[in-house]
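Working notes, structure below.
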Amino acid sequence: MATVSLHNIRKTFGETDVIKGVDLDIADRDFTVFVGPSGCGKSTLLRLIAGLEDITSGTLQIDGQDVGDMPPAERGLAMVFQTYALYPHMTVADNMAFSLRLAGVSKQERQAKVRDAARILQLDQLLNRKPKELSGGQRQRVAIGRAIVRSPKVFLFDEPLSNLDAALRVQMRLELTRLHERLDATMIYVTHDQVEAMTMADRIVVLQAGRIEQVGSPLELYHHPRNIFVAGFIGSPKMNFFPSEVTAAGGPTTTVTLPGGGTVAVPVEGGHLRPRDKVTVGVRPEHLICGDDGQLKGEVLVVERLGGGTFLHIEVAGGEQIVVQASGDNPARTHDRIAIQVAGETCHLFDETGKAVPRAQRHPLADAKRGGRSDG
Amino acid sequence: MTKQHQDKLMITGLAWFVAVVIFFPLFWMLLTGFKTETEAVTTPPSLFFAPTLENYEEVMRRADYFKFAWNSIFISGVATLVSLMLAVPAAYAMAFFPTKRTKSTLLWMLSTKMLPPVGVLMPIFLLFRDMGLQDTQIGLIIVYALMNLPIVVWMLYTFFKEVPREILEAGRMDGALPKDELYHLLVPLSLPGIASTALLSIILCWNEAFWSLFLTTSDATPLTAFIASFSSPQGLFWAKLSAASTMAIAPILVFGWMSQKQLVRGLTFGAVK
Ligand SMILES: Nc1ncnc2c1ncn2[C@@H]1O[C@H](COP(=O)(O)OP(=O)(O)OP(=O)(O)O)[C@@H](O)[C@H]1O
Ligand SMILES: [Mg+2]
């Protein structure tokens, strides 16, 4: 059992507010991912939970117990750092056993625990090496092993994969997901890689400038972003946005203009919208369809072929640039003029303050747990 | 001959020149120690002469060399230990828990080294008299340890700064208290730096003459006082003084020579990585 709850947590460094009041409840055994642009305070928030920074104000509870004034080790957490932070003068085995040694655990028990962790992480053969004799991936495993042997209530990860090359990153991502299932522990994971966030998280916490923008399952954030920031941050390539105006409102759909004079009827709960209201329309590249006919027309500027898919960068009327994700065998070429269909069900509307207008239909997967895992 | 080759030759030549200029007085002292008193003062000085050990015999007869040497060893060693014991926690705090004033504190500490020692001669003399520290090893140890403390803190601070803070933070997550962080992580990780700091401190203590001459008379006198005791206002003493000086600096010279790798590495800080 390990829940973590933050109530109105603030952190200032000297004069600068870095964390500006964060409320968050993390459920037992959840894999929670903090994402956000660089400098938004992800690491700081994690370090506050870890106890490596002092909380300026607010309460932090782990398993219902106030831990704000507790030293890191007593909070029952383990942390994996981006730089691994292995002890360079100790062997792999000693690195992993260090916390146990400090806690006065007997040598036998220490060895047994290190062996167990080494087996899980396939480090059996490397126990007598020093960190400098290991590859990046192996070092990362040792850092994770060091966390595992402590059997912590909560695992904290600060961008643990960002120093690895792309292939290794994918592999370690899978290993971490499997590890989470195997250990069934609460994990908090910081990343700025949204693929990691989408694939690993039970819940994603999107941060911006020291505040939480939205908390939800990956698909909830994808299908029901609460505001323009989250809509633009989650998903790759980024969602397309157009300035627009409401032409008809009040029914089950709200009709809005598109660049070039077309319109689209979007199924949203737009009760408060009136014709002539200024709104922003958002639609993801993968939801736009190229065809002979469509509400949007434009000129292809750049074609990026990835094999399985093609990204078309298109300039539409009014000078707006948008991205369309088409199939891998789309024949479009630079300077072609093409038409794009915009389906109302795939569009998002944002009011003038950037807040999303709730979509009429909740996506069926938005509330499901990752990988179809059942609750409990 | 290429340009590069020429440059290298010039630099080598220059290095030799500097080395000779620095080494020459030592060499001359060594030679003089083996001359008779009259030979030592003849002009032009003789380069070839029948070497004699009579100065060394005389020096050994007149003073108990080993007592002085032991005082030097003991005082330098313990003073270095004391300043390390004070400086390691201080530098740890400054390097990893800096406050707004850490930088200025460091500068201020170093600036105390710019004060001429004569300036505090009287107060220290009075303190020593009243506390019964005159002519005691402990007295010199206190003065030496405090005298070198700024440099020792400063050097350790620089070495500690090179240890990634995440390593200590990882230790803290693993349950390390500050003393564990120091003992299990920081000290082993910066051992080369600590060693060269200790070496420098030992050398500075060994060569210190001002305080040792003022604060000791017989019981706690180190080798610097031993040398001084062979200069006299009248009569010929150059050869004996040279012999005594050679005996005084020989141990630290050998010590320094054996550890020069360590010293150079430490003194160039992070400049050469
Ligand atoms: N010790 C510190 N003193 C002063 N400011 C700090 C300190 N640590 C962090 N900050 C500031 O707090 C803000 C948030 O930093 P933080 O490291 O939490 O960002 P981050 O979201 O982890 O970014 P990144 O993705 O680049 O790692 C930054 O503007 C940073 O400059
Ligand atoms: Mg960070």
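The values are calculated or read from the model by the stated rules, or taken from the named source; none is laboratory data. Quick caveat, the model's predicted, so the values are computed rather than measured. We place every Cβ from the backbone using ideal geometry, glycine too, and count neighbours over all the protein chains shown.
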Output for Cβ contacts, cut-off 8 Å, separation at least six or different chains, first residue free of Cβ contacts under 8 Å to residues at least 40 places away in the same chain in the range A:311-324, second part of a helix (DSSP H, G or I), reads A:324/A:285
Among strands (runs of 3 or more DSSP E) entirely within the range A:280-376, at least 1 residues that are surrounded by fewer than 17 Cβ atoms within 10 Å (Cβ to Cβ) occur in A:289-291, A:296-305, A:309-316, A:321-327, A:337-341
Just a yes or no: is a residue in the range A:2-16 assigned by TED's automatic domain parsing to the domain that holds residue A:176, among the acidic types (Asp, Glu) and either modelled with pLDDT of 95 or more or in contact with a helix residue (DSSP H, G or I) (Cβ under 8 Å, 6 or more places away or on another chain) (or both)? no
One residue is enough: does the range A:162-175 have a residue meeting the conditions in contact (Cβ under 8 Å) with a residue 24 or more places away in the chain, over 18 Å from residue A:74 (Cα atoms) and either within 14 Å of another protein chain (Cβ to nearest Cβ) or within 15 Å of ligand 2 (Cβ to nearest atom) (or both)? yes
Note: among A:53, A:74, just one is surrounded by fewer than 20 Cβ atoms within 10 Å (Cβ to Cβ), closer than 27 Å to residue A:95 by Cα and within 13 Å of ligand 2 (Cβ to nearest atom), namely A:53
| said: Looking at the structure I just gave you, is residue A:215 outside any helix (DSSP H, G or I), closer than 23 Å to residue A:365 by Cα, within 16 Å of ligand 2 (Cβ to nearest atom) and within 11 Å of the chain's Cα centre (by Cα)? | reply: no
Among residues of the range B:225-273 being in a helix (DSSP H, G or I), more than 23 Å from residue B:36 (Cα to Cα) and not hydrophobic (A, V, I, L, M, F, W, C), the residue modelled with the highest pLDDT is B:251
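Among B:165, B:172, which is within 14 Å of another protein chain (Cβ to nearest Cβ), more than 15 Å from the chain's Cα centre (by Cα) and in contact (Cβ under 8 Å) with a residue 24 or more places away in the chain? Lay out the reasoning, then the answer.
Numbers: B:172 fails: in contact (Cβ under 8 Å) with a residue 24 or more places away in the chain.
Sole residue among the options that is within 14 Å of another protein chain (Cβ to nearest Cβ), more than 15 Å from the chain's Cα centre (by Cα) and in contact (Cβ under 8 Å) with a residue 24 or more places away in the chain: B:165.
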Over the range A:74-118, the set of residues over 34 Å from the mean Cα position of the chain (by Cα), more than 9 Å from every other protein chain (Cβ to nearest Cβ) and without any contact (Cβ under 8 Å) to a residue 12 or more places away in the chain is A:104, A:105, A:106, A:107, A:108, A:109, A:112
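Quick check on this structure: which one of B:183, B:157 is assigned to a helix (DSSP H, G or I), of a type in the set (Ser, Thr, Tyr) and within 14 Å of another protein chain (Cβ to nearest Cβ)? Walk me through it before giving the result.
Values: B:157 fails: within 14 Å of another protein chain (Cβ to nearest Cβ).
Selected residue: B:183, the only one of B:183, B:157 that is assigned to a helix (DSSP H, G or I), of a type in the set (Ser, Thr, Tyr) and within 14 Å of another protein chain (Cβ to nearest Cβ).
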Restricted to the range B:188-213 and to residues being surrounded by fewer than 17 Cβ atoms within 10 Å (Cβ to Cβ) and in a helix (DSSP H, G or I), the residue farthest from the other protein chains (Cβ to nearest Cβ) is B:213
The condition of being among the small types (Gly, Ala, Ser), farther than 30 Å from residue B:254 by Cα and in contact (Cβ under 8 Å) with a residue 60 or more places away in the chain holds, among B:90, B:79, only for B:90
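Which residue out of A:68, A:58 is within 19 Å of residue A:21 (Cα to Cα), more than 10 Å from every other protein chain (Cβ to nearest Cβ), of a type outside the set (Phe, Trp, Tyr) and outside any strand (DSSP E or B)?
Values: A:58 fails: outside any strand (DSSP E or B).
From the options A:68, A:58, the qualifying one is A:68.
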Taking the range B:94-103 and keeping only residues that are surrounded by fewer than 11 Cβ atoms within 10 Å (Cβ to Cβ) and among the hydroxyl-bearing types (Ser, Thr, Tyr), one is left with B:99
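With the structure loaded, tell me whether residue A:156 is within 16 Å of ligand 2 (Cβ to nearest atom) and either assigned by TED's automatic domain parsing to the domain that holds residue A:62 or within 29 Å of the chain's Cα centre (by Cα) (or both) or whether it fails that test. If you could, list the steps in order and put the result at the bottom.
Values: within 16 Å of ligand 2 (Cβ to nearest atom): yes; either assigned by TED's automatic domain parsing to the domain that holds residue A:62 or within 29 Å of the chain's Cα centre (by Cα) (or both): yes.
Here the answer is yes, as residue A:156 does meet what is asked.
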Quick one: would you say residue A:276 is at pLDDT 95 or above and either surrounded by fewer than 21 Cβ atoms within 10 Å (Cβ to Cβ) or under 30 Å from the mean Cα position of the chain (by Cα) (or both)? no
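Just give me the residues in the range A:1-16 being more than 14 Å from chain B (Cβ to nearest Cβ) and either within 16 Å of ligand 2 (Cβ to nearest atom) or in contact with a strand residue (DSSP E or B) (Cβ under 7 Å, 6 or more places away or on another chain) (or both), in sequence order.
Going through the range A:1-16, the residues more than 14 Å from chain B (Cβ to nearest Cβ) turn out to be A:1-12, A:16.
Hits for the range A:1-16 are A:2, A:3, A:4, A:5, A:6, A:7, A:8, A:9, A:10, A:11, A:12, A:16.
Here are some residues: A:13, A:98, A:34. Which one is within 16 Å of ligand 1 (Cβ to nearest atom) and either under 20 Å from residue B:96 (Cβ atoms) or surrounded by fewer than 20 Cβ atoms within 10 Å (Cβ to Cβ) (or both)?
Details: A:98 fails: within 16 Å of ligand 1 (Cβ to nearest atom); A:34 fails: either under 20 Å from residue B:96 (Cβ atoms) or surrounded by fewer than 20 Cβ atoms within 10 Å (Cβ to Cβ) (or both).
The match here is A:13.
Please tell me if residue A:44 is away from ligand 2 (no atom under 16 Å from the Cβ) and at pLDDT 95 or above. Let's see the steps before the verdict.
Working: away from ligand 2 (no atom under 16 Å from the Cβ): no; at pLDDT 95 or above: yes.
Here the answer is no, as residue A:44 does not meet what is asked.
Inside the range A:236-252, can you point out the residues that are part of a loop (DSSP other than H, G, I, E, B) and surrounded by fewer than 18 Cβ atoms within 10 Å (Cβ to Cβ)?
Let us first name the residues in the range A:236-252 that are part of a loop (DSSP other than H, G, I, E, B), namely A:236-239, A:249-252.
Selection gives A:236, A:237, A:238, A:250, A:251, A:252.
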Apart from one, (1) touching a Phe, Trp or Tyr at 6+ places or on another chain (Cβ under 9 Å); (2) at pLDDT 95 or above all hold for residue A:148; the odd one out is (2)
Of the residues in the range A:17-41, those that are touching a Ser or Thr at 6+ places or on another chain (Cβ under 9 Å), hydrophobic (A, V, I, L, M, F, W, C) and either under 17 Å from residue A:160 (Cα atoms) or within 16 Å of ligand 2 (Cβ to nearest atom) (or both) number 6
